[in-house]
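Just below is one structure, and these are the notes that go with it.
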Amino acid sequence: MPVLSNPKHERFAQELAKGKSQGDAYEAAGYTPCDQNASRLIRNDKIQARLLELQSKGAERAVVTIESLMREAGEIQEAAVASNQLSAATAALTVKAKLAGLWVDKSDNTNTNRNIDASSVSDAELAAIVEANGSAGAATPKIDTSKLN
């Protein structure tokens, strides 16, 4: 449906499509505030048809799916390969893999700390744990366990 010939009707439909209430859209269109007239105008067949058209266009633009993102990433990858931009092609491939759930960013956790209640561990056991973990660390001091119980 083309733009409504009456500019106030068109603006009323556009404001309704943006989510404004009947009264607010009626006033934004340039009419004197009147809820009864706004209610009557919204029942106009041409305005209803135009409103439906505006809402459906907005819905089409708002639809972003994994499928559409995968398609776009594929197109970008093809263009990058054609331009011999291999790093861009690799980046697009990575994006596609992430979207498909086939790529998971992981980071190695090198934390060797254990949740140990020091009150339930003897001094010798605690020293052995510290010594064992200290050998993997860089500058962890060694503990002389011979002086402990």
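Read-outs throughout are calculated quantities, based only on the coordinates presented, and are distinct from any laboratory measurement. Remember, predicted model here, so these are calculated numbers, not experimental data. Counting neighbours? That spans all protein chains shown, and the Cβs are built from the backbone with ideal geometry, glycine included.
Below, the figures for the structure above:
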read-out	value
For region 19-32, Karplus couplings with θ = phi - 60° (6.51, -1.76, 1.60), whole Hz, Gly/Pro x	x, 6, 6, 4, x, 5, 5, 4, 5, 5, 6, x, 8, 6
Proxy reagent accessibility, fewest Cβ within 10 Å first, across Glu125, Glu10	Glu125, Glu10
Whole-Hz ³J(HN,Hα) from phi, Karplus 6.51 cos²θ - 1.76 cosθ + 1.60, for region 5-17, glycine and proline x	5, 8, x, 5, 5, 4, 5, 4, 5, 5, 5, 5, 5
Gln85 long-range amide H proximity, modeled H, under 5 Å	none
Fewest-first sequence of Thr94, Thr32 by Cβ atoms within 10 Å of each Cβ	Thr32, Thr94
Calculated FRET efficiency for the pair Ala79/Leu102, C-beta based, R₀ 35 Å, to 0.05	0.95
Approximate spin-label separation Ile66-Asn37, in nm, with each point projected 7 Å along Cα-to-Cβ	5.2 nm
Cross-link pairs beyond the 22 Å C-alpha cut-off, checked among Lys18/Lys96; Lys20/Lys46; Lys18/Lys98	Lys18/Lys96; Lys18/Lys98
Ascending count of other beta-carbon atoms within 10 Å, so fewest first, for Arg71, Arg43	Arg43, Arg71
